[in-house]
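Here's the structure we're looking at; comments come further down.
Only the coordinates and a few stated rules stand behind these numbers; no lab work does. What you see is a predicted model; the values in this text were computed from it and never measured. Quick reminder, even Gly has a Cβ in these numbers, built from the backbone with ideal geometry, and neighbours come from all protein chains shown.
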Amino acid sequence: MRPAWSWQFEPDALGPVGATLPAALTREWAFAGATGAGVRVGVVDSGIDAAHPAVRGVAGGVVVERDDGAATGVRFVEGAHEDLFGHGTACAGIIRRAAPQCELYSIRVLGERLTGKGMVFAAGLRWALEHGMQVVNLSLSTAKADYFALFHELADEAYFKNVMLVCAVNNVPGPTYPSQYSSVFSVAARAGDDPLRFAYNPAPPVEFGAPGIEVEVAWRGEATMRVTGNSFAAPHISGIIARILSKHPGLTPFQMKTVLVALADNHPDRAKTGPGRHRPGPGQES
Amino acid sequence: MSQRSDRTLRELAALATEVGPALAPVGYEELLLAIIDTARRLFDAAACSLALLDDDADELVFHVASGAGAPDVVGLRIPAGSGIAGWVVSSGQAIAIDDVSRDPRFAADAAQSTGYVPRSILAMPLETERRLLGCIEVLDRRGGGAPGLDDMELLSVFARQAALAIEGGRVFSDLGQALLAAVAAAAGHNGELRGALERLAADETTPQRDLVELARLFYELGRLGPEERMAATHLVTELLAYARQRRAR
């Protein structure tokens, strides 16, 4: 007699471990020669201006809209669409800087109507999971406790499919979803403009800090904007993950977090050599 | 202490001094006005505005504004998914933009609605864990240059308090409305308020049945003792403030 699931661990059933990590995780190992080529990155946002010089085209996209007549309450319109605000274009441009050859997909969930936005947002995330996205940038969040279970289920599904969900935290003290879940890459803004520089926060729930303060970004109408917000920090991490995945396919979300911690500016291996040395925070010894 | 945390502490102290009086129980519209005036002084901004979602959450209504363009923005309704305020409530994310005019559509929106095109804007959702209420915008903050993360941190503390106050204020405003309906009904039934409240609470077609029931309970409380009466008096004061404000419209 065997308990459920134990069959998976029989010698003839057990597959080999996918990607493995080297003894020393260096920026050279992670980034050198990598371009993001072949990695599918979904941007769940306001749409992407594909013609923007900083974006240089998208591989595909879908508009998710509320539809009271549909059984699921939403409809999907696949194909080209414009950016209704400019923010999705900003995220796409940021991702391109770190992963110039990745395949960008625009998943537009922000529209004119706000009613049922949680449902539309969740449907967009589900579309990403069902259409082979490997990295999903979510510069969106909600503090509403009603959405906890819905997004938790989707975050778990992503984790088990090796899909990296990169989520901007919002400014409300207390949990926001989906950035709060431990399986996602939660990101807040910090100073700096180098697309491959970031920090790891050893005191989560916010795990990573990336450029998002007065950064110059692409915007709709082939414009650029100087902006601040956690929503601009998340795509930096999405781009970095896409770049690493193109060189090291098969990494799981927990392996990717291990890689990111090793490459962080505040990791001892970096802090002792480079500029931007670790500065003690309030209450910490220098 | 670092220069930054020193500055943040000073600002938080100022905030604490300002927020207390701003959020003391007053009429709902006065509460919103106090919030926006406080935010404007706190950031030494050219203008501030506060937009709330309407009941079916498809439009944002600018309820109060302070500073440049203020008279024109009050009462303005925009689709909940458009413009800077629309994006903020849709995404749940705060945003600061240094030069709004770089997006011609933003500039046109602003000019059309207020006759005033701000250079910088800092916008943040007003949200509690129960509901998304709307958005607060700080335009052209003076003295500090472009609105960076410090300003965002400060506004987030303020927005959180404001959202809780607005949520509480709405309950009182709705309660005032329910009590007013009961008083009107009582006038038609030999002036017996208790009976009118009971009848309203039992009537399935009464729009705010739960609040009428709450009003009935407060009414019972008022009959119990001095402390309970004091609480009830406070409520009646609210009702009066509401009724006066209603008459003034």
About its Cα centre, how strong a charge dipole does chain A have in debye, to the nearest 20, once Lys and Arg get +1 and Asp and Glu get -1 at the Cβ? 580 debye
Spin-label model distance (nm) - residue A:148 vs residue A:161, 7 Å beyond Cα toward Cβ: 2.5 nm
Given labels modelled 7 Å from the Cα in the Cβ direction, how far is it in nm from residue A:269 to residue B:246? 6.9 nm
The extension gain from residue B:228 to residue B:72, computed as 0.36 nm times the residue separation minus the Cα-Cα distance, is 51.8 nm
For chain A, using Cα atoms only, the Rg and Dmax in Å read 19.1, 66
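Working from the alpha-carbon coordinates of region A:127-225, get Rg over Rh, Rh being the Kirkwood radius.
The Rg/Rh ratio comes out at 0.99.
Averaged across the residues of A:52-65, what count of C-beta atoms belonging to other chains lies within 10 Å of each residue's C-beta? Can you show the working numbers first?
On the way: counts 0, 0, 0, 0, 0, 0, 0, 0, 0, 0, 0, 0, 0, 0.
Mean shielding count: 0.
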Starting from 0.36 nm per residue, how many nanometres of slack lie between residue A:112 and residue A:131 once their C-alpha separation is accounted for? 4.3 nm
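Mind ranking A:46-59, B:78-91 by how tightly packed they are, going by the mean number of other C-beta atoms within 10 angstrom, highest first? Walk me through the numbers on the way to the answer.
Numbers: A:46-59: 20.0, B:78-91: 23.1.
The most tightly packed comes first, giving B:78-91, A:46-59.
Quick check: residue separation of residue A:194 and residue A:51 times 0.36 nm, minus the Cα distance between them. What number comes out in nm? Walk me through the intermediate numbers first.
Details: separation 143, 0.36 × 143 = 51.48 nm, distance 2.41 nm.
Between residue A:194 and residue A:51, full extension yields an extra 49.1 nm.
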For residue A:144, which aspartates and glutamates qualify as cross-link partners when the Cα separation must be under 18 Å and same-chain residues fewer than eight apart are set aside? A:153, B:54, B:55, B:56, B:58, B:127, B:129, B:167
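Return a whole-number percent for the relative contact order of region A:157-280, with Cα pairs under 8 Å and 6 or more residues apart as the contact set. Present the calculation step by step, with values, prior to reporting the outcome.
Values: 202 pairs, mean separation 29.0, N = 124.
So the answer I get is 23 percent.
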Taking H as built 1.01 Å from N, whose amide H comes closer than 5 Å to the amide H of residue B:133, not counting residues under 5 places away? B:126, B:127, B:128
Cβ neighbours within 10 Å from other chains - mean over A:212-221: 3
Tell me, A:256, B:124, A:133 in order of fewest to most beta-carbon neighbours within 10 Å? A:256, A:133, B:124
How far apart, in nanometres, would the label points at residue A:252 and residue A:72 be if each is projected 7 angstrom from Cα along the Cα-to-Cβ direction? 2.8 nm
For Cα pairs less than 8 Å apart in space and 6+ apart in sequence, what is the mean separation divided by the residue count of region A:134-190, i.e. the relative contact order in percent? 42 percent
For n ≥ 4 DSSP H runs only, could you compute -39500 (n - 2.57) per run for chain A, divide by its residues and tell me the 222 nm figure to the nearest 500? -8000 deg cm²/dmol
Counting only other chains, what is the mean number of Cβ atoms within 10 angstrom of the Cβ of each residue in peptide A:183-191? 1
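What does the charge dipole of region A:35-151 about its Cα centre add up to, to the nearest 20 debye, if the Cβ of each Lys and Arg holds +1 and the Cβ of each Asp and Glu holds -1?
Working: 11 positive and 12 negative charges, 59 e Å.
The dipole magnitude comes to about 280 debye.
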Given a cut-off of under 8 Å on Cα pairs at least six residues apart, what relative contact order in percent is computed for chain A? 22 percent
